[in-house]
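First up is the structure itself, then whatever we jot down about it.
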Amino acid sequence: MSRWYNKTNSSMKTQNQRITLITKKQFEMVDITQQVRETVKAAHIQSGQVLIYNPHTTAAIRINHNESLLMQDMMKALYRLVPVDISYSHDLFEVRQQVSVNERSNGHAHVKAFLLGSSESLIIDQGEIVLGAKQSIFFVDLDGGRPRDYYISVIGEKA
Amino acid sequence: MSRWYNKTNSSMKTQNQRITLITKKQFEMVDITQQVRETVKAAHIQSGQVLIYNPHTTAAIRINHNESLLMQDMMKALYRLVPVDISYSHDLFEVRQQVSVNERSNGHAHVKAFLLGSSESLIIDQGEIVLGAKQSIFFVDLDGGRPRDYYISVIGEKA
Amino acid sequence: MSRWYNKTNSSMKTQNQRITLITKKQFEMVDITQQVRETVKAAHIQSGQVLIYNPHTTAAIRINHNESLLMQDMMKALYRLVPVDISYSHDLFEVRQQVSVNERSNGHAHVKAFLLGSSESLIIDQGEIVLGAKQSIFFVDLDGGRPRDYYISVIGEKA
């Protein structure tokens, strides 16, 4: 029923990295699994956890299956639950305070990001991230077509 | 494309804190960013992670933009997706077991909390939490008008 | 307003465990609180964090109230928001690539998992997980009726 992976007693370390990417579409799921794998390997952590953090208010981090038709389904569900063609108070620039000149009408994207969440954490075991056979890690842009970044923060026992 | 923040080799520590607040409305987003900043500073952690944890079943932790019109949009979306005026079995006190005398009809709030999630984690780098320019951390009360609390748990390398 | 729990200075460790379970229904919330408690106790961590991680793309980890009528409400909300009887591109096996012979029509379950998220983290304090009075931890199967597993990853200061 259960299996212990390791019970080492070594010293600990942390490492934080910022990654930059560019999205091209309003809704875009960028598979960042390979980047996370490489960062974790370069950190030489044997056992611990890795936090993937999105610093934007119209994007999210999610883990699911990288299958192109399924990504359409996720997009359709989000647009059905949080439509772009209804009224968002956030987009009433006439009454809102602190509006920039290049402000986007992206109330819908904030709400989608609010539903999805800003981070996901994964386990590091034997120097590798633990991922299910069909899992990929995604940076999910909900108001894309611009440069974006995200962070990878590793904490654990040194190899 | 990427930047390493720090590769220190110092010793680690953890620190947990409970914070209490009072909400006044059924739906209320309380900006707790300043409290999280102060707790992380007081912990003297140079690099690591901070977990914000909500111990209630009708509240959530979320990170997004603190803009008053947008907070209306989030509220409207949640009430549209999980309406208060449909039937929730949780509120059938006649058939439910273990009902307190002061029980609230809050099935809708449990479901909203279930969709949103109980925690968010952030990165600590150079002694500060890493937040995007427009990000604030919120305690989201979905059945408010009462005292609430949440926890801040810091783990990382000592300054 | 706030209370410090502990400020120890002991050495740190990590521990990862995989747990297996079997679900019987399409939608099933399995209460895993007791298993998490036992794993944390066996790890002899005084203060730190525990990450509960789901490696499947049609399941999720959530924390809420273990009340049987409420679990119906959660199920009904998910099926209302992400119906099984609309079209999902993921289920168009005629056009999709990489389809197994025993493939399930589970586009809806992927979308539900995408909305809910793959992990939750909790705080360990004084050797125990910090849980609200009404909180239980759930493995949420959205395409069940088969063996599943999840991971518990503990990190913190040794007792």
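The values are calculated or read from the model by the stated rules, or taken from the named source; none is laboratory data. Quick caveat, the model's predicted, so the values are computed rather than measured. FYI the Cβ positions are ideal-geometry reconstructions off the backbone, even for glycines, and counts take in every protein chain you see. The area values use the complete protein model at the heavy-atom level, side chains included, leaving out ligands, DNA and RNA. Shrake-Rupley method; radii C 1.70, N 1.55, O 1.52, S 1.80 Å.
Using a 7 Å projection from Cα along Cα-to-Cβ, the label point at C:Tyr79 is separated from the same position in the remaining copies by 2.8, 2.8 nm, smallest value first. Remark: the stretch A:68-79, residue by residue, has Karplus-estimated 3J(HN,Hα) of 4, 5, 5, 5, 4, 4, 5, 4, 5, 5, 4, 6 Hz, where x stands for each Gly or Pro and the curve is 6.51 cos²θ - 1.76 cosθ + 1.60 at θ = phi - 60°.
Here the gap between C:Ala42 and C:Arg146, fully extended at 0.36 nm per residue and compared with their Cα-Cα distance, gives a gain of 34.6 nm.
Phi-derived couplings, Karplus 6.51 cos²θ - 1.76 cosθ + 1.60 at θ = phi - 60°, listed residue by residue for the stretch A:120-137: 9, 10, 10, 9, 9, 9, 6, x, 10, 6, 8, 10, x, 4, 10, 8, 10, 9 Hz, with x used for Gly and Pro.
In nanometers and ordered shortest first, the copy-to-copy spacing of the A:Ser100 label point, defined 7 Å from Cα toward Cβ, is 4.5, 4.5.
Solvent exposure of the stretch C:13-159, expressed per residue, is 36 Å² of accessible area, with all protein chains present and a 1.4 angstrom probe. Any idea how far the Cα center of the stretch C:87-145 sits from the one of the stretch A:5-77, in Å? About 17 Å separates the Cα centre of the stretch C:87-145 from the one of the stretch A:5-77. Each label was represented as a point 7 Å from its Cα along the Cα-to-Cβ direction; for A:Arg80 and B:Arg80 these points are 1.5 nm apart.
Taking every residue in C:91-104 and counting other chain Cβ atoms within 10 Å of its Cβ, the average works out to 1. Rounded is the label for the protein assembly as shown, because a/c, from the alpha-carbon gyration tensor with a ≥ b ≥ c as root eigenvalues, stays below 1.5. Across the identical copies, the 7 Å label point of C:Glu38, projected outward along Cα→Cβ, sits 4.3, 4.3 nm from its counterparts, in ascending order. Applying 1/(1 + (r/R0)^6) with R0 = 30 Å to the Cβ-Cβ distance of A:Gln34 and A:Ala159 gives a FRET efficiency near 0.90.
Solvent-accessible area assigned to carbon and sulfur over the protein assembly as shown amounts to 49 percent, based on a 1.4 Å probe. Since only C:Leu122, C:Asn66, C:Ser11 are under comparison, the one whose Cα sits farthest along the positive direction of the charge dipole of the stretch C:1-135, derived from C-beta charges on Lys, Arg, Asp and Glu, is C:Ser11.
Scanning chain A for the Cβ atom closest to the axis that brings A onto C yields residue and whole-Å distance A:Met12, 3. Backbone geometry of the stretch C:142-159 corresponds, through the Karplus equation with coefficients 6.51, -1.76 and 1.60 at θ = phi - 60°, to 3J(HN,Hα) couplings of 10, 8, x, x, 5, x, 9, 9, 8, 10, 10, 10, 9, 9, x, 8, 5, 5 Hz, x marking Gly and Pro.
Per residue, the average separation of C-alpha pairs within less than 8 Å and at least 6 apart gives chain A a relative contact order of 54 percent.
Please determine, in degrees from 0 to 90 and to the nearest 10, the orientation of helix A:107-116 with respect to the longest principal axis defined by the Cα atoms of chain A, where the helix direction is its Cα long axis. Taking the Cα atoms of chain A, the angle to A:107-116 is about 30 degrees.
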